[in-house]
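Quick notes on the structure that follows.
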Amino acid sequence: HWFLASNYFFPAFGAILADAFWGKYKTIIVLSLVYCLGSVALAVDHTRLGLFTGLTLIALGAGGIKPCVSANVGDQFGPLNQHLLSRALGWFYFSVNFGSFFSIMLIPVLLDRYGPAQAFGVPAVLMLIATYVFWAGRYKFVHIPPTGKAFLRQTFNREGLSAMGRLAILYAFVAIFWSLWDQSGGEWVLQAEKMDRNLSLFGWNFELLSAQVQAVNAGMILRFIPLFQYVIYPAISRVFPLTPLRKIGLGLVVTGGSFLVSA
């Protein structure tokens, strides 16, 4: 839980680093390499020190990247293609969960059968490849330059503080959601230890590992993103125009009901 909390604490610094000093692109590249080093540390050093070092580097890398990746996608859209932004972000989120689903299914098997060297070495290699692909497209991206001290003036003037105040109300509820949701890596796995995990799929019988239950979320997201993007959202918008904030608000209400079911 400290590791997960760190992943969502460091984005505050990653955002400042990107907007004031390095820009989003450089921040993503550099901290992706830090993330890779974290996976390497976990793969080669199986002591407590290796665990602490690896998780710290991953938290720094992932935390620094988190505030930049979606925003970098948004930077690629201007007045002429702004209408495509919501759909593009939907497919971006789809791709994130596509990787999440298969990694959650694969990594526990590698750990169970071959040990931590393979379980953490494979993500290190794949993350390095992903970083290279992102670097290879450096001339194709729109790059928003960092603004230095102007960032502080723009953020902490009356208009900036007012905008943050309006968002703070929303994020107070979002924080509660994530604090509950991120039990998936701990409490849900422990609960799965006590469950019957034997499944049958197309005549193939197998036992799901406890850590693999987390893949259910990513799998459902892969099915629901196209459904919402092309069917549910357009249908609702004909009666009640949906903005991004309204989608988040409706999502929080539905999510609240899901946690009541779990309780």
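Here the dipole of region 1-108 is about 60 debye; that uses its Cα centre as origin and unit charges on the Cβ of Lys and Arg (positive) and Asp and Glu (negative).
Quick check: at a probe of 1.4 Å, how many percent of the accessible area of the chain sits on carbon and sulfur atoms? Could the numbers behind the result be given before it?
Details: 12300 of 17350 Å².
Whole-percent figure for carbon plus sulfur exposure: 71.
Would you be so kind as to identify which of Gly137, Leu4, Tyr114 lies farthest towards the positive end of the dipole of region 1-147, taking Lys and Arg as +1 and Asp and Glu as -1 on Cβ and the Cα centre as origin? Comparing the listed Cα positions along the dipole, Gly137 ranks first. Between Leu260, Leu167, Leu152, the Cα set farthest toward the positive side of the dipole of region 148-263 (charges on each charged residue's Cβ, about the Cα centre) is that of Leu152. Using only side-chain charges placed at the Cβ, +1 for Lys and Arg and -1 for Asp and Glu, the dipole size of the chain relative to its Cα centre rounds to 860 debye.
If R0 is taken as 25 Å, the Cβ-Cβ distance between Lys247 and Asp75 corresponds to a FRET efficiency of 0.75. Helical runs assigned H by DSSP (4 residues or longer) give the chain a calculated mean residue ellipticity at 222 nm of -24000 deg cm²/dmol, each run adding -39500 (n - 2.57) before division by the residue total.
If R0 is 35 Å, the Cβ-Cβ spacing of Arg166 and Phe259 corresponds to a FRET efficiency of close to 0.85. Only one of the listed values, (i) 56, 53, 40; (ii) 65, 60, 31; (iii) 56, 47, 33, was derived from the coordinates as Cα extents along the principal axes in Å; which label is it? The calculated read-out lines up with (iii). The mean accessible area for residues of region 1-91, using a 1.4 Å probe and ignoring ligands and nucleic acids, is 55 Å² per residue. Sorting the segments 67-73, 246-252 by their residues' average number of neighbouring beta-carbon atoms within 10 angstrom, most packed first, yields 67-73, 246-252.
Among residues other than Ile16 with Cβ under 15 Å from its Cβ, the summed charge is +4 (Lys and Arg +1, Asp and Glu -1).
Computed over protein heavy atoms with a 1.4 Å probe, the accessible surface of region 134-203 works out to 81 Å² per residue. Dipole magnitude for region 42-158: about 460 debye, using +1 per Lys or Arg Cβ and -1 per Asp or Glu Cβ, origin at the Cα centre. Per-residue accessible area (protein heavy atoms, 1.4 Å probe) orders Trp178, Trp204 as Trp204, Trp178, starting from the largest.
The values are calculated or read from the model by the stated rules, or taken from the named source; none is laboratory data. Only a predicted model underlies this, so the values are computations on that prediction, with no experimental measurement involved. All Cβ positions, glycine included, derive from the backbone under ideal geometry; neighbour counts span all protein chains shown. These accessible areas exclude ligands, DNA and RNA; they are computed on the full protein's heavy atoms, side chains included. Shrake-Rupley method; radii C 1.70, N 1.55, O 1.52, S 1.80 Å.
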